[in-house]
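Asks: Once you've had a glance at the structure underneath, I'll fire off some questions.
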Amino acid sequence: MNQLAKSFTRFSMLLVFTCLLAASAMGQSTRKQMRTANKFFNKENYRAALPAYEEVLAKDPDNAQALYRAGISYLTFDKEKAADYLYRAQKLKPNIDKELHYWLGRVDHINYRFDSAIEHFQAYQKEIPRRNEYRREEVAQLIQHARNAKREVANPKDVFVRNLGGTVNTAFSEHSPVISSDYNYLLFTSRSEASTGGKAAQDGEYFEDIFETNRLGEDEWEKPRIVSGALNSPGHDASIQLFDNDTKLLLYQSVNNGDIMVSERQSDGSWGAPKSISDKVNTRDFESDAYITPDGKTLYYSTSHYSENGDLDLYMIQRDNNGNWGTPKSLGRAINTPFDEDSPFLASDGTLYYSSRGNNSMGGYDIFAARYDSVANRRGRPENLGAPINTPDDDTYYRLAPDGSYAYLSSYRIGGYGEKDIYTINYIRNAALNGQVFTKADSIPIPGVELVFNGLQADKRPISYRDVTKPDSGAYAVQVLSGRKYQVQLSRDGEVIETQEIEVPVVVSDTTAITQNFYIEFVDTTGVLAGGTFAMEPVYFDTDEYILRPESTQELDSIARIMKANPNINISIEGHADARASDEYNLTLGQNRADAAYDYLVGKGISPKRLVTVTYGERRPAVPNTSEENMQLNRRTEFKVLPRQDDANQTVQ
């Protein structure tokens with residue numbers, strides 16, 4: 001071997017040796033990072049585990065174990081990334097863990113892939129040992145939750161759920177919103193980096209603290225600040241409810257395994273040191289959340305003290321006139337299930353809202369309503385508030401505004417800022433939509449224009465509303481469901497003129513009126529818009545008769561000539577009577593009088609499709625029925641211009 005070949009061989013061996021050393025070092029580093037990540041993972045400190053797993057994956061993207069455990073960790077912070085990591089792990093190593101189908105079911109469930117979630121849960125069921133009855137029951141419940149969620153999501157309620165925004169919500173958990181009576185001061189609980197308590201030892205998250213902010217506008221808040229005074233402790237603190245004219249605050253503190261406390265606002269605006277609400281309420285066990293009635297005499301709260309299996313149940317306790325609390329009473333089996341019930345809230349109409357993991361939950365905690373029946377003196381069966389208020393994940397701390405127009409809740413949803421966020425729920429109401437239809441060229445009102453408003457409900461079912469502009473003003477008025485877009489078809493004489501799109505904003509009061517005018521390209525061929533009118537005078541009848549008088553036929557001949565000369569107009573024939581007989585009799589008499597005019601005009605060659613009859617009997621007198629002369633004026637048939645009958649009679653939802 002020549003010298004050059006020997007040198008090349010030595011270089012190659014050195015290069016291989018160097019690569020082996022580097023690979024060995026990288027392998028040792030990766031194993032060390034995996035050990036660090038697994039240490040946090042096993043303590044359920046997922047936020048600390050994730051950076052270590054990500055470092056492993058940066059060096060070894062196909063590390064199935066890192067992907068698997070990182071996917072489980074991401075369930076709390078990023079649902080979509082959790083799904084991506086878990087499915088990548090399955091693809092790389094289908095038998096990576098006996099719990100794989102369980103976690104795939106969980107991640108599919110919270111990502112709204114319910115059929116796939118059920119398939120994974122059912123596959124996992126087959127692997128559960130028969131002796132593990134607890135796990136079998138848990139998975140059976142998860143399957144039912146997925147079925148419940150599939151049903152509710154397919155039939156959503158027509159409400160508008162909106163994130164409160166990035167000023168309040170952070171990448172950490174925000175929950176327990178408490179709004180003041182004037183809606184301008186918000187207290188809430190956060191586990192953000194601004195917490196004063198540092199990090200909890202077990203899960204690596206920051207301790208919960210209470211924050212406050214003031215409203216700047218309808219959807220705008222000041223930068224939140226931690227509440228001043230002695231409210232926040234070194235442990236967990238959570239806001240619950242303002243009461244007694246916003247001078248007192250119910251709150252939770254993680255003392256004594258978790259207690260309900262009361263703080264009073266000080267003269268400088270800060271909050272005083274919290275005190276236990278009562279030894280009758282707080283026990284050696286976990287008390288989580290509460291609601292006190294406006295008179296301060298009844299407290300609804302959640303506690304694990306009386307439960308056989310340690311779950312939270314809802315109880316109530318009342319205070320006598322001397323301020324002494326009585327004996328706690330369970331809200332009963334209809335409310336309390338073998339699973340957790342929490343976060344009670346009593347609305348002004350007596351409806352109890354609360355969170356539950358039981359009943360027909362869509363997954364995790366859902367918001368339920370138990371309405372009070374004053375006749376039966378008991379609460380009805382709890383109702384799941386359904387989608388989109390509830391999701392397949394935890395939905396808690398529901399707080400309804402006094403006027404019932406909106407509510408707050410805390411929820412972990414796709415598209416949020418991370419973990420739980422605070423959301424508002426607007427209960428959409430009908431809006432009174434009114435206005436006029438004008439010519440685009442010279443803004444002249446157009447009578448007889450049919451407007452059809454086509455939109456969609458939350459479940460994508462079509463809705464439609466209709467009106468025709470009035471002969472004298474070109475005005476219309478409809479009640480439409482707010483908070484959506486409508487395609488508005490404008491037509492006249494059966495021909496579509498044009499279609500426009502409008503957006504009706506969310507309104508929270510049924511008395512809200514919105515003016516919406518339309519300007520359309522329209523060419524008048526009848527002379528109506530230029531000031532022309534159709535002189536159609538009433539015809540009159542003898543007492544208790546519906547035979548046409550000779551002068552009546554003359555007027556009807558005139559009406560027939562007008563209609564033949566103007567084939568675009570249609571008329572309504574309206575029969576009336578005086579008040580001599582019964583209402584029922586007069587309705588029949590009015591119909592007979594309208595029919596007499598109808599038959600005459602049809603006999604004169606007017607198409608029945610251009611005529612419609614209606615009776616008002618004695619219900620719409622032209623003048624009071626106080627004399628024979630006045631009653632003669634009320635025995636009449638009137639004629640009004642309308643759209644064509646076949647258009648007017650179309651059924652619109």
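The values are calculated or read from the model by the stated rules, or taken from the named source; none is laboratory data. All figures in this text were calculated on a predicted structure; none of them were measured in a lab. Here the Cβ is made from the backbone with ideal geometry for all residues, glycine too, and neighbour counts use every protein chain on show. Just so you know, the surface numbers come from the protein's heavy atoms only, side chains and all, with ligands and any DNA or RNA stripped out. Shrake-Rupley method; radii C 1.70, N 1.55, O 1.52, S 1.80 Å.
Asks: Could you tell me how many degrees, from 0 to 90 and to the nearest 10, lie between the Cα long axis of helix 100-110 and the main elongation axis, the longest principal axis, of the Cα atoms of the chain?
Replies: It works out to around 30 degrees.
Asks: Suppose each label sits 7 Å from its Cα in the direction of the beta carbon; what would the ASN256-ARG162 distance come out to in nanometres?
Replies: Placing both labels 7 Å beyond Cα along the Cβ direction yields 4.2 nm.
Asks: Another question about this same structure. Any idea what the dipole of the chain comes to, in debye rounded to 20, about its Cα centre with Lys/Arg Cβ at +1 and Asp/Glu Cβ at -1? Present the calculation step by step, with values, prior to reporting the outcome.
Replies: Values: 73 positive and 91 negative charges, 638 e Å.
So the dipole magnitude of the chain works out to roughly 3060 debye.
Asks: Next question. If one takes the longest principal axis of the Cα atoms in the chain, at what angle in degrees, from 0 to 90 and to the nearest 10, does the Cα axis of helix 46-59 lie?
Replies: Here the helix axis deviates by roughly 80 degrees.
Asks: Please turn the phi angles of segment 283-300 into ³J(HN,Hα) values with the Karplus equation 6.51 cos²θ - 1.76 cosθ + 1.60 (θ = phi - 60°), one per residue in order, whole Hz, x for glycine and proline.
Replies: Couplings: 10, 6, 9, 8, 10, 10, 8, 7, 8, 10, 5, x, 7, x, 9, 10, 10, 9 Hz.
Asks: State the Cα centre-to-centre distance between segment 406-468 and segment 559-610 in whole Å.
Replies: After rounding, the separation between the Cα centres reads 39 Å.
Asks: Still on this structure, I have one more. Between THR337 and ALA441, what is the label-to-label distance in nm when each label sits 7 Å out along the Cα-to-Cβ direction?
Replies: Distance between the two pseudo-spin positions: 6.7 nm.
Asks: Classify segment 239-278 as rounded, prolate or oblate from the Cα gyration tensor: take a ≥ b ≥ c as the square roots of its eigenvalues, call it rounded if a/c is under 1.5, otherwise prolate when a/b beats b/c and oblate if not. Present the calculation step by step, with values, prior to reporting the outcome.
Replies: On the way: a/c = 2.53, a/b = 1.81, b/c = 1.40.
Prolate shape, in that a/c is at least 1.5 and a/b is the bigger ratio.
Asks: Still on this structure: Kindly report, to the nearest 10 Å², the accessible surface of THR543 as traced by a 1.4 Å probe over protein heavy atoms only.
Replies: About 70 Å², rounded to the nearest 10.
Asks: Taking the Cα-to-Cβ direction at GLN202 and at ASP62 and moving 7 Å from each Cα, how far apart do the two end points lie in nm?
Replies: It is 4.0 nm.
Asks: Rank by packing, highest mean first: peptides 361-368, 264-271, 405-412, with packing defined as the count of other Cβ atoms within 10 Å averaged across residues.
Replies: Numbers: 361-368: 25.8, 264-271: 12.4, 405-412: 23.1.
Per-residue Cβ counts within 10 Å, averaged per peptide and sorted highest first, yield 361-368, 405-412, 264-271.
Asks: Ignoring ligands, DNA and RNA, what percent of the accessible area of the chain is carbon or sulfur (1.4 Å)? Present the calculation step by step, with values, prior to reporting the outcome.
Replies: Details: 16100 of 32200 Å².
Carbon with sulfur: 50 percent of the solvent-accessible area.
Asks: Another one. Given the peptides 465-471, 247-253, arrange them by the average over their residues of other C-beta atoms within 10 Å, most packed first.
Replies: Details: 465-471: 18.6, 247-253: 21.3.
Going from most to least packed, we get 247-253, 465-471.
Asks: Using a Förster radius of 60 Å, what is the FRET efficiency between VAL614 and VAL375 based on their Cβ-Cβ separation? Nearest 0.05, please.
Replies: 0.90
Asks: Could you give the size of the charge dipole of segment 230-289 about its Cα centre, using +1 on the Cβ of each K and R and -1 on the Cβ of each D and E, expressed in debye and rounded to the nearest 20?
Replies: Numbers: 5 positive and 10 negative charges, 21 e Å.
Dipole magnitude for segment 230-289 comes out near 100 debye.
Asks: With everything on Cα atoms, drop me the angle between helix 114-125 and the longest principal axis of the chain, reported from 0 to 90° to the nearest 10.
Replies: The two axes meet at around 40 degrees.
Asks: Projecting each Cα onto the charge dipole of segment 98-250 (Lys/Arg +1, Asp/Glu -1 at the beta carbon, about the Cα centre), which of THR170, GLN202, ILE128 comes out farthest on the positive side?
Replies: Checking the options against the dipole of segment 98-250, the answer is ILE128.
Asks: Take the eigenvalues of the Cα gyration tensor for segment 402-504, scale each by 5, and report the square roots as semi-axes in whole Å, largest first. The partial results should precede the final answer.
Replies: Values: eigenvalues 281, 42, 27 Å².
Working from the Cα gyration tensor, I get semi-axes of 37, 15, 12 Å.
Asks: Going by a ≥ b ≥ c, the root eigenvalues of the Cα gyration tensor, does segment 576-635 fall in the rounded group (a/c under 1.5), the prolate group (a/b larger than b/c) or the oblate group? Present the calculation step by step, with values, prior to reporting the outcome.
Replies: Values: a/c = 2.99, a/b = 2.17, b/c = 1.37.
Since a/c reaches 1.5 and a/b is larger than b/c, the shape of segment 576-635 is classed as prolate.
Asks: Quick one: Cα centre-to-centre distance for segment 486-509 and segment 296-357, in angstrom?
Replies: Comparing the Cα centres of segment 486-509 and segment 296-357, I get a distance of 49 Å.
Asks: Continuing with this model, one more query. Can you pull the semi-axes for the chain, root of five times each eigenvalue of the Cα gyration tensor, sorted largest first, whole Å?
Replies: On the way: eigenvalues 929, 265, 111 Å².
The answer is 68, 36, 24 Å, longest axis first.
Asks: Output the peptides 474-483, 373-382, 625-634 sorted from most to least packed, where packing is the average of other Cβ atoms within 10 Å over each peptide's residues.
Replies: 474-483, 625-634, 373-382
Asks: Given PHE438, ASN517, ILE414, which one lies farthest toward the positive end of the charge dipole of the chain, if we put +1 on the Cβ of every Lys and Arg and -1 on the Cβ of every Asp and Glu?
Replies: Checking the options against the dipole of the chain, the answer is ILE414.
Asks: If you don't mind, another one. Checking the a/c ratio against 1.5 first, then a/b against b/c, what shape does the Cα gyration tensor give for segment 442-500? Mind dumping the intermediate values first?
Replies: Values: a/c = 2.51, a/b = 1.99, b/c = 1.27.
Here segment 442-500 falls in the prolate category.
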